[in-house]
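The values are calculated or read from the model by the stated rules, or taken from the named source; none is laboratory data. All of these numbers come straight from a predicted model, not from anything done at the bench. Methodologically, a virtual Cβ is constructed for each residue, glycine included, from the backbone with ideal geometry; neighbour enumeration extends over all protein chains shown. Please note that ligands, DNA and RNA were not included when accessible areas were found on the heavy atoms of the full protein model with its side chains. Shrake-Rupley method; radii C 1.70, N 1.55, O 1.52, S 1.80 Å.
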Amino acid sequence: MPIAIIGSYFKLLRDAVFSPDSFIYNILNFDLTMSDKIWYAGSFICNGFVRVTFGLFGLYAAYFAARYTARLYHKDSTLAGMTAVMIIMFCAYASNVGNKLSNKSMFSSSVLQINALLLALLVGYAVGEIFHWLGKNHQPVEFEHVHRVRTRAWNALLPASVSIIAGMILGIIIYELQIKILSSSTFKELVIQIQNSNNIFEIIALAFVVMLLSWIGIGYPLASLSTAAALTSGAATVNLNYALKHGGSWNVPYKFLGSSLVYPYGAMGGASVVLALIVIILLSHQNKETENIAKANLLPAAFNSTWGFMIGLPIILNPVLFLPMVLIPVINIMIASLAIFLHIITPCVYPVLKGTPGILISFFGSNGNWSNLVFSICLFILDILMLIPISLLGQRIERKLKAYEYEKGQQTA
Amino acid sequence: MNMKKANKLLKNPNLKWIALVLLVVMVFAIPGYKWMERDNQARAQRMKSALSPVIMVPGSSASTERFNELVKLLNQNTPTKHSVLKINVSTNGNLSYSGSINKNDNEPFIIIGFKNNKDGYSNIKKQAGWLDEAFEAISQDYKFNNFKAFGHSNGGLIWTYWLEHYYSTYSDEITMKRLMTVGTPYNFSEKNINHKTQMLEDFIKCKNRLPKNLVVYSVSGGKNYESDGIVPEASVAAGKYIFQKQVKSYTAMTITGDKADHSDLPQNQQVVQVIQQYLLEPIKNKNNQVISRQGKKSDNDKNGQNEQD
């Protein structure tokens, strides 16, 4: 969806240029060289657009999920979409109305964030299904006069009411139980567990869970894993202090710390699989449509802004990509910890700026250890190689699917 | 066949896009590498630094010369003399320096004064901003990882405002170990604690931003039973509503006797003693260095618990 790509670019700008702890901001010393006016304007625009794209993505996702589900069954798709928007907004309201501290506005609710995409998709799909079972068939026509619109509204009343009652119940559950469903704090424990763990097996198991969640469209754990907060944990501070004292990170006390394994190697800043997939699609040069999506997302993905491609291709809930999405980061972590064990690379203990390209994270995180850079590049190439059979499989399935659809089209015609 | 494939791959129009993005990444990698080296070096310097300055802020209507007498008294009986750096901040944030920090002095005094040193809450907010300008400059020049703060009168208010609004930018690299305020009117000239000024209300509202491991001493003067002549004791005591149960320990002390006037406090012999005992690092002595430190530490904790009201 183009909304996600637009969001990706603005997020790239915000995270890499217009925030004080970001990569490009710091290396070009914008602190001194950029005038305050430009900075404020830039961060105003970027924050605003990230907010209306990613911050409200649930609205769009619920609308389109309901719309296409209803259309599939020849029901009134527009009204299904609007009903889904109403319900997701009500959920957002329900989850935020009890919010004492910060913003009570439902537009700032975590339910609507792109990181909670799964909920929006489910709501949209459920509404679409309700329209499927209860709605009357609907044929879109070129020109609708008042009378037709009226019957159309009347026809949609039953499924819309049923959906809204169901949505009401969902909202009440959210409000009563005060479940902060799908917000970064829900997964805080999980993320902290990963960052503070020095046990490879535990890290691998948890990284598996994080990637699984991000595959089904819950991006919060991966997102908070990528933030600089990783450095505030006690063990990471001990590591950093050790490295600063001894001028290197070879023998830090916690070599296999989750925060220095998952982000730099496992997820490569969140971009490893996504970027590898983009490169494969571009190199294989097969399908014009996916190629364009890949091309548009190449730059943001190189700077770890991956949502555009996650949704554009899509990767989310795509059964073909389930295994690589979940397994490749785990394999990366295993190889990286082996390499640390064999003293080929050093652990990443130094702080890394926000928006640093994924491939460079381990290089910068080890205070410029060249073998880390070479290792990262090799790891990335390996990721690409691992993805090739999957992408071939994907292409074959796509062709079969097309043939099937064509056949079906022939039959109905 | 292989050649053909390779050829096909080379002719792929997408290759130039990949190359372009790779180039972009590389172009940023070079200055990024430089930045990283510099940043980590500075970090290491700060980490290894043994420097722990005492940063002093005078009260309203006072300049950086305000503590001359105090510094003289503090330097009287010490084997290592504390060097003094004075920084004047103009109203547009320009810094002018006088004095200097000796290379082997690990506990220099840095005195920060303001061109506009007027009283009033709005001025204190501004002064905290100027204090931050100066603090940022010295934190970059001298690369210390911890410091002690001292504020006389409104100087204590400026420190408190700075702690609540500016300190968080530094807190992961620089620690304020101890804060001592002398005759600081946390509730301005208000004698009745039930009448909280706007400033005190704001301080209390933001008190959760105060560092949890900070040790705070608040010294008040007792010229008579109610005040030090200018600041009511109740106003100094109002500090407990800000610091108590927020920082590691909050100790309130009252100095009486000769020279317990508000403006005499910085050169009061008891205040000097209190500063030496609580604010400064214990004097290092090769033989009993560890013992004196431990003794000092437990002393601190005991005081913190006993005198906290």
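Tabulated data
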read-out	value
Criterion: of a type in the set (Val, Ile, Thr) and within 18 Å of B:TYR121 (Cβ to Cβ) - qualifying residue of B:THR197, B:THR175	B:THR197
A:GLY355 being of a type outside the set (Ser, Thr, Tyr), closer than 24 Å to A:PHE23 by Cα and in contact with a strand residue (DSSP E or B) (Cβ under 6 Å, 6 or more places away or on another chain)	yes
Helices (runs of 4 or more DSSP H) lying entirely in the stretch B:1-115 (those with 3 or more residues that are open to solvent by less than 30 Å² (accessible area, probe 1.4 Å))	B:14-48, B:68-74
Those residues of the stretch B:164-187 which are farther than 23 Å from B:LEU279 by Cα and either modelled with pLDDT of 95 or more or open to solvent by less than 70 Å² (accessible area, probe 1.4 Å) (or both), in sequence order	B:ASN187
Of all residues making up the stretch B:177-196, the number that are of a type outside the set (D, E, K, R) and within 18 Å of B:LYS207 (Cα to Cα)	9
Residues that are open to solvent by less than 60 Å² (accessible area, probe 1.4 Å) and among the polar types (S, T, N, Q), drawn from the stretch A:35-49	A:SER35, A:SER43
Condition broken by A:MET1, with the remaining ones in (1) more than 14 Å from chain B (Cβ to nearest Cβ); (2) modelled with pLDDT under 85; (3) farther than 22 Å from A:MET82 by Cα satisfied	(3)
Filter result (open to solvent by less than 20 Å² (accessible area, probe 1.4 Å), out of contact with any Phe, Trp or Tyr (no Cβ under 7 Å at 6 or more places or on another chain), among the aliphatic types (A, V, I, L, M) and at pLDDT below 75) within the stretch A:210-254	A:ALA236
Lone qualifier among A:ILE377, A:ILE388, A:ILE361, A:ILE381 - being touching a Gly at 6+ places or on another chain (Cβ under 8 Å) and of a type in the set (Val, Ile, Thr)	A:ILE361
Residues (part of a loop (DSSP other than H, G, I, E, B) and under 14 Å from B:CYS206 (Cβ atoms)) located in the stretch B:146-176	B:TYR166
For A:VAL52: the one exception among (1) surrounded by 21 or more Cβ atoms within 10 Å (Cβ to Cβ); (2) closer than 30 Å to A:LEU298 by Cβ	(1)
Members of the stretch A:113-143 found to be farther than 16 Å from A:LEU170 by Cα and under 18 Å from the mean Cα position of the chain (by Cα), listed by number	A:GLN113, A:ILE114, A:ASN115, A:LEU117
Tabulated pairs, the stretch A:10-34, first within 13 Å of chain B (Cβ to nearest Cβ) and open to solvent by less than 30 Å² (accessible area, probe 1.4 Å), second of a type in the set (Val, Ile, Thr) and outside any helix (DSSP H, G or I), C-beta under 7 angstrom, 6+ apart or interchain	A:PHE23/A:THR356; A:ILE24/A:VAL17; A:TYR25/A:VAL17
Failed item in (1) within 14 Å of chain B (Cβ to nearest Cβ); (2) surrounded by fewer than 24 Cβ atoms within 10 Å (Cβ to Cβ); (3) of a type outside the set (D, E, K, R); (4) farther than 20 Å from A:ALA271 by Cα, with A:SER371 passing the rest	(1)
Check on A:LEU392, loosely packed, with under 11 Cβ neighbours inside 10 Å and at pLDDT below 85	no
Helices (runs of 4 or more DSSP H) within the stretch A:1-57 that include 2 or more residues within 20 Å of A:LEU121 (Cα to Cα), within 23 Å of the chain's Cα centre (by Cα) and of a type outside the set (Asp, Glu)	A:2-16
Residue under evaluation B:PRO53, criteria (1) away from every other protein chain (no Cβ under 14 Å); (2) closer than 30 Å to B:SER171 by Cβ; (3) free of Cβ contacts under 8 Å to residues at least 60 places away in the same chain, criterion not met	(3)
Counted residues, the stretch B:118-131 - those being surrounded by 20 or more Cβ atoms within 10 Å (Cβ to Cβ) and either of a type in the set (S, T, N, Q) or within 24 Å of B:GLU281 (Cα to Cα) (or both)	2
Residues of the stretch A:277-293 satisfying the condition of being away from chain B (no Cβ under 11 Å), more than 26 Å from A:ILE335 (Cα to Cα) and either surrounded by 24 or more Cβ atoms within 10 Å (Cβ to Cβ) or among the acidic types (Asp, Glu) (or both)	A:GLU289
Filtered residues of the stretch A:294-309 (kept if open to solvent by 10 Å² or more (accessible area, probe 1.4 Å) and either in the same structural domain as A:PHE10 (by TED's automatic domain parsing) or within 18 Å of A:TRP215 (Cβ to Cβ) (or both))	A:ASN304, A:THR306, A:TRP307
Single condition A:HIS147 does not satisfy, out of (1) open to solvent by 90 Å² or more (accessible area, probe 1.4 Å); (2) of a type outside the set (S, T, N, Q); (3) touching a residue at least 24 places away in the same chain (Cβ under 8 Å)	(3)
Residue within the stretch A:255-276 that is under 17 Å from the mean Cα position of the chain (by Cα), modelled with pLDDT of 80 or more, open to solvent by less than 20 Å² (accessible area, probe 1.4 Å) and hydroxyl-bearing (Ser, Thr, Tyr) present	no
Helices (runs of 4 or more DSSP H) (entirely within the stretch B:188-268) containing at least 1 residues that are over 30 Å from B:ASP172 (Cβ atoms) and open to solvent by less than 60 Å² (accessible area, probe 1.4 Å)	B:233-237
Checking B:ALA137 against (1) touching a Gly at 6+ places or on another chain (Cβ under 9 Å); (2) within 14 Å of chain A (Cβ to nearest Cβ), the condition it does not meet	(1)
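So that you can scan it fast, the table gives a plain yes or no per residue for (1) crowded, with 24+ Cβ neighbours inside 10 Å; (2) modelled with pLDDT under 85; (3) touching a strand residue (DSSP E or B) at 6+ places or on another chain (Cβ under 8 Å):
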{"site": "A:ARG71", "(1), (2), (3)": "no, no, no"}
{"site": "A:ASP76", "(1), (2), (3)": "yes, yes, no"}
{"site": "A:GLY81", "(1), (2), (3)": "yes, no, no"}
{"site": "A:GLY98", "(1), (2), (3)": "no, yes, no"}
{"site": "A:ASN103", "(1), (2), (3)": "no, yes, no"}
{"site": "A:SER108", "(1), (2), (3)": "no, yes, no"}
{"site": "A:VAL111", "(1), (2), (3)": "yes, yes, no"}
{"site": "A:VAL123", "(1), (2), (3)": "yes, no, no"}
